[in-house]
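Student: Once you've had a glance at the structure underneath, I'll fire off some questions.
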Amino acid sequence: MNADQRPRCGWATSAPEYLAYHDDEWGRPLHGEKPLFERLSLEAFQSGLSWLIILRKRAAFRAAFAGFDVASVAAFDERDVERLLADAGIVRNRAKIEATIGNARRVVEAVPEGLDTLLWSFAPADARRPRTLADVPATSPQSAAMARELRKRGFRFVGPTTAYALMQATGIVDDHIATCWRATA
């Protein structure tokens, strides 16, 4: 519980950024190329790090990556990579920066149906509300299939765990636990 006494998923109450993210974004259906590309990119940057680090750097990521406009990021070159590596506001990992730029190019070149259609095609047909945090999986058959398809199309930093986190973040799956106020909202 928090000051407002609403029950939440256990992870959501440890920091104000988590609370806002949980209440306003996580698990809500998200559509559109730019917002989905942003979430795909941020989930890749999060790999091996705390999500809280990414949330706290989110504004800097948006500024550094042209608001996650796919065409703009796809046009980034080596000068942009060097600029991003020097930007203390973001996670300065060359492999993740290059993957984000490459993934933008993949969206442009290898996703004719659109990123929205592609990602949402992996939504599970049998949504089950988890009863506890222990019931929330790290992967699913759908996230494994999504990761496989994205990698087949040339995307990087998109394993089954990252794909599942993306699915949670964008509402493709809704893993708010049964007692959470968002599960009943």
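The values are calculated or read from the model by the stated rules, or taken from the named source; none is laboratory data. If you're wondering where the values come from, they're calculated on a predicted model, not measured in any experiment. No Cβ is skipped: glycine too gets one built from the backbone with ideal geometry, and neighbour counts run over all protein chains shown. These area figures cover heavy atoms from the full protein model, side chains too; ligands, DNA and RNA do not enter into them. Shrake-Rupley method; radii C 1.70, N 1.55, O 1.52, S 1.80 Å.
Student: Is there a quick way to get the dipole size of the chain? I mean about its Cα centre, with the Cβ of Lys and Arg at +1 and of Asp and Glu at -1; what is the value in debye to the nearest 20?
Tutor: Numbers: 25 positive and 23 negative charges, 73 e Å.
Using only the charged Cβ atoms, the result is roughly 340 debye.
Student: Tell me the Kirkwood radius of the stretch 1-93: reciprocal of the mean inverse pair distance over distinct alpha-carbon atoms, in Å.
Tutor: For the stretch 1-93, inverting the mean 1/r across all distinct Cα pairs yields 14.7 Å.
Student: Order of 78-87, 163-172, 40-49 by packing, highest average Cβ count within 10 Å first?
Tutor: 163-172, 40-49, 78-87
Student: Something else: So with the 1.4 Å probe, I'd like the accessible area per residue for the chain, rounded to whole Å².
Tutor: Heavy-atom accessible area per residue stands at 47 Å².
Student: Say the dipole of the stretch 107-183 comes from +1 at the beta carbon of Lys and Arg and -1 at that of Asp and Glu; which of 122, 134, 108 then lies farthest toward its positive end?
Tutor: 134
Student: Could you pull out every one of the lysines with an alpha carbon less than 26 Å from that of residue 57, ignoring same-chain neighbours closer than 8 positions?
Tutor: 34, 96
Student: Using r as the Cβ-Cβ distance of residue 151 and residue 34, and R0 as 30 Å, what FRET efficiency do you calculate, to the nearest 0.05?
Tutor: In this case the efficiency is close to 0.85.
Student: Another one. Just one of (i) 10.3; (ii) 16.0; (iii) 11.6 is mean projected area of the Cα convex hull in nm² as worked out from the coordinates here. Which one is it?
Tutor: (i)
Student: Okay, moving on. At a 10 angstrom cut-off on C-beta neighbours, averaged per residue, how do the peptides 131-140, 117-126, 99-108 rank from highest to lowest?
Tutor: 99-108, 117-126, 131-140
Student: Quick check for me: using +1 on Lys/Arg Cβ and -1 on Asp/Glu Cβ, what's the dipole size of the stretch 103-185 about its Cα centre, in debye to the nearest 20? The partial results should precede the final answer.
Tutor: Details: 11 positive and 8 negative charges, 54 e Å.
Charge dipole of the stretch 103-185: 260 debye, to the nearest 20.
Student: For residue 49 and residue 82, calculate 0.36 nm times their separation in residues minus their Cα-Cα distance, and state this gained length in nm to one decimal. Don't skip to the answer; put the middle values down first.
Tutor: Numbers: separation 33, 0.36 × 33 = 11.88 nm, distance 2.18 nm.
Extending this stretch completely gives an extra 9.7 nm.
Student: Accessible area of the chain with a 1.4 Å probe: how many percent of it is carbon plus sulfur?
Tutor: Here it works out to 53 percent.
Student: I would also like to ask the following. Over the stretch 44-185, what relative contact order in percent results from Cα pairs under 8 Å that are six or more residues apart?
Tutor: For the stretch 44-185, the relative contact order is 22 percent.
Student: Let me ask you something else. Tell me the mean residue ellipticity at 222 nm calculated for the chain from its helices only (DSSP H runs of n ≥ 4, each -39500 (n - 2.57), averaged over every residue, nearest 500).
Tutor: Counting only the DSSP helices, I get -15500 deg cm²/dmol.
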